[in-house]
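Let me begin by presenting the structure, written as structure tokens, before commenting on it.
The values are calculated or read from the model by the stated rules, or taken from the named source; none is laboratory data. A quick note: this is a predicted structure, and the numbers were derived from the prediction, not measured. Cβ coordinates were reconstructed from backbone atoms using ideal geometry, including for glycine residues, and neighbour counts include every protein chain displayed. These accessible areas exclude ligands, DNA and RNA; they are computed on the full protein's heavy atoms, side chains included. Shrake-Rupley method; radii C 1.70, N 1.55, O 1.52, S 1.80 Å.
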Amino acid sequence: MGAALLTYLKAFLRRALRRRAAPPSLTLKSLLGIAELLGPVNFAVDGFENQYLTHCGELIRRSFTVPGTRDSLSSAYISELKLLKERVSPEHEYIVAHVSVRLKDSGPPVFLGAIKAERTVRESVTAEQHASFVVDDSILGSVSASSTPLSSPSPAIEAFDHVFVYNPGDVAELNRNDHRLLYRCKYEQVGPSFPTFVASAIALHIHSPEYRPAHHPSFWFAAMLFRMVGGEDAEVMDAHDKTDKVWLFVADKSVTAEPGRLMDVFRIVTQKAIAEEYAKVEPALQARIAEKSNVLVRVREDKEGELRQAAAKATENAALQVWWAALQQKKAAKAAAIAARDV
């Protein structure tokens, strides 16, 4: 009796663990064609855009031949957008976006996963090199708590703007206690589109590909991406450090972790600067969205053209088969008539 019960419990646990470990069939990683890779997957922003376009195109082509296939990547949207700051120096800032999709107009949204987007430097840049750039750029930029950085030439490092793609089961890794959630925007209905997020990240990198510690560091990249993706909704957010609701980037001494400020001393970015920079980048962003949308439109048109050609060829083949069958019937009738006459 005891052995049988133990065997039953072992079998039950194995089944439960298999069910728990099995990933959902529809996830951000599966839609991007990277489901076989374990854990978060890291992409440079241009590689991320290429991955999106490639697999979005595959979904479009497959939808013509496989019933029930839909372009879930293009219809995915940002359901939650967060700006976070690490608790320890250098108080790195980054964006986390939750991605969802509605498979039916009246149905509940399906959570696909999350994206973490940030600006860093490549691993080839040593800590000593980075520190010297920070010091030189801060001096030349005249960074202080009460002044705005000057636009004078200053040292620059190639920026590594990249994103991590998380499946729903990996998102818990983002909820660590080593960061502060500064601002969050939750969208009850449909939020900014996933393609807008992809285009914003690459457009921002093209606009400013250099990492300038006092001008375009992680603070600047996170603030700009937050504004570009969130749009006007990103102006007022929930603050989760000692305040209830504040305007984005408005100085408040009661907030110990203020976005855009390093150690509450160095002011790296301001709301005014972000607004001015956004006005410069926004046309390029819209152009990028239109350009890549046209790429996918051409994929659809090309597939439709292929199907029209295949249908025309099938019609032509069918007509040839009818003609051939009629010809064979005519030959058979002629042969029968000749045979009858000879008799």
Coil-residue trypsin sites (Lys or Arg not before Pro) of region 170-233, DSSP, other Cβ within 10 Å capped at 16: Arg176
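Based on the Kirkwood radius over alpha-carbon pairs, what value in µm²/s does the Stokes-Einstein equation return for the translational diffusion coefficient of region 264-343 at 37 °C and 0.692 mPa s? Write out the running numbers ahead of the final one.
On the way: Rh = 19.6 Å.
Translational D for this selection: 168 µm²/s.
For region 277-343, which whole percent of the accessible surface, found with a 1.4 angstrom probe, sits on carbon and sulfur atoms? Mind dumping the intermediate values first?
Details: 3040 of 5140 Å².
Within region 277-343, the accessible surface is 59 percent carbon and sulfur.
Quick one: compute a quarter of the convex hull surface over the Cα atoms of region 25-119 and quote it in nm².
Working: hull surface 29.6 nm².
Taking a quarter of the hull surface, the average projection is 7.4 nm².
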Nearest-0.05 FRET efficiency for Ala319 and Ala284, computed from C-beta distance (R0 56 Å): 0.60
Label-point separation in nm, Leu327 to Arg70, each point 7 Å along Cα→Cβ: 4.9 nm
Against the rule of thumb 2.2 N^0.38 Å, how large the Cα Rg of region 293-334 comes out: 1.99
Set of region 268-307 residues, backbone N closer than 17 Å to the point 7 Å along the Cα-Cβ line of Glu58: 296, 299-300
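Which order do the peptides 193-202, 294-303 take when ranked by the mean count of other beta-carbon atoms within 10 Å per residue, highest first? Mind dumping the intermediate values first?
Numbers: 193-202: 23.3, 294-303: 13.8.
Output ranking for 193-202, 294-303: 193-202, 294-303.
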